[in-house]
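Peer 1: One structure coming up, written as structure tokens, with questions to follow.
The values are calculated or read from the model by the stated rules, or taken from the named source; none is laboratory data. Keep in mind it's a predicted model, so treat the numbers as computed, not measured. Here the Cβ positions follow ideal geometry from the backbone for every residue, glycine too, while neighbour counts run over all protein chains shown. Quick note on the areas: whole protein, heavy atoms, side chains included, nothing else; ligands and nucleic acids left out. Shrake-Rupley method; radii C 1.70, N 1.55, O 1.52, S 1.80 Å.
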Amino acid sequence: MSEAPQSADVAWLARLRSTLRHTPARLLPCARRAAVACLLRPSRTGGLECFFITRAAHPGDPWSGDVAWPGGRVEAGETDLQAAVRETREEVGLDINAGFELVGALDDRPAVRKKGIAMLVVRAFVFLQTTPETPPLVLQTKEVSAAWWVPLSTLTSDCPSPLPLFAVPVARLSTRIAILVRMRIREPFMWMSFI
């Protein structure tokens, strides 16, 4: 990971930094909150990669099997940022207080599951890895069934057809259909308004 990100990724990261620095994240009032961490790192080929997880499958869990960023509910007495850091450490074993730079926060988004009703609000924080190597992952298998890094170029440019296959077990049939996979993985980046 010694190479610098490629120029397109450098421009994307610079635009993201500028946007997050000059535009405060929109806060939605909600009693139930969750926080997630969008982790970026330089790749060995010179681009940027983004970290994703597949949530473990549990009957009755509305988020079961989702492709997501690591994170979870904000506990009483902690901030959204503290929750994102804690949940990332608990779910995948990464301490993002060390070796990652906080780039900024994204606008809150309602998490809608049951009958179109927002169950909670999610705040996402973007982090950039600053160390040459990513520490080994330790997945909490009760919460996370898989984790992987996806080249940012795959997400920010027109997706090739068919979408490249990732060796990731999935729990939902919808994640096996290429167009749905593409939208589920690209959605967080559309959230950032960069694609």
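Peer 1: May I ask you to say which residue of Ser145, Ser174 is farther than 23 Å from Gly46 by Cβ, modelled with pLDDT under 85 and open to solvent by 30 Å² or more (accessible area, probe 1.4 Å)?
Peer 2: Values: Ser145 fails: modelled with pLDDT under 85.
Ser174 is the lone residue from the list that is farther than 23 Å from Gly46 by Cβ, modelled with pLDDT under 85 and open to solvent by 30 Å² or more (accessible area, probe 1.4 Å).
Peer 1: Tell me the strands (runs of 3 or more DSSP E) entirely within region 5-110 that contain at least 1 residues that are of a type in the set (Asp, Glu). Can you show your working first?
Peer 2: Details: elements: 33-42, 48-55, 71-73, 100-105.
Where strands (runs of 3 or more DSSP E) fall fully within region 5-110 and carry at least 1 residues being of a type in the set (Asp, Glu), they are 48-55, 100-105.
Peer 1: Is it fair to say Arg32 is open to solvent by 80 Å² or more (accessible area, probe 1.4 Å) and charged (D, E, K, R)? Walk me through it before giving the result.
Peer 2: Working: open to solvent by 80 Å² or more (accessible area, probe 1.4 Å): yes; charged (D, E, K, R): yes.
Answer is yes for this residue.
Peer 1: Restricting to region 53-83, and then to whatever is under 20 Å from Leu139 (Cβ atoms) and among the charged types (D, E, K, R), can you tell me which residue is modelled with the highest pLDDT?
Peer 2: Quick first cut of region 53-83, residues under 20 Å from Leu139 (Cβ atoms) only: 53-58, 61, 63-73, 83.
From what's left, among the charged types (D, E, K, R): 55, 61, 66, 73.
On the way: Arg55: 88, Asp61: 74, Asp66: 81, Arg73: 92.
The qualifying residue modelled with the highest pLDDT is Arg73.
Peer 1: Can you tell me which residue is farthest from Thr79 (Cα to Cα) among those in region 89-141 that are at pLDDT below 95, surrounded by 15 or more Cβ atoms within 10 Å (Cβ to Cβ) and among the β-branched types (Val, Ile, Thr)?
Peer 2: Step by step, filter region 89-141, then rank; the result is Thr134.
Peer 1: One residue is enough: does region 7-30 have a residue meeting the conditions within 22 Å of Glu143 (Cα to Cα) and in contact with a strand residue (DSSP E or B) (Cβ under 6 Å, 6 or more places away or on another chain)? Quick ask: steps written out before the conclusion?
Peer 2: First, pick out the residues of region 7-30 that are within 22 Å of Glu143 (Cα to Cα): none.
Within region 7-30, not a single residue is within 22 Å of Glu143 (Cα to Cα) and in contact with a strand residue (DSSP E or B) (Cβ under 6 Å, 6 or more places away or on another chain).
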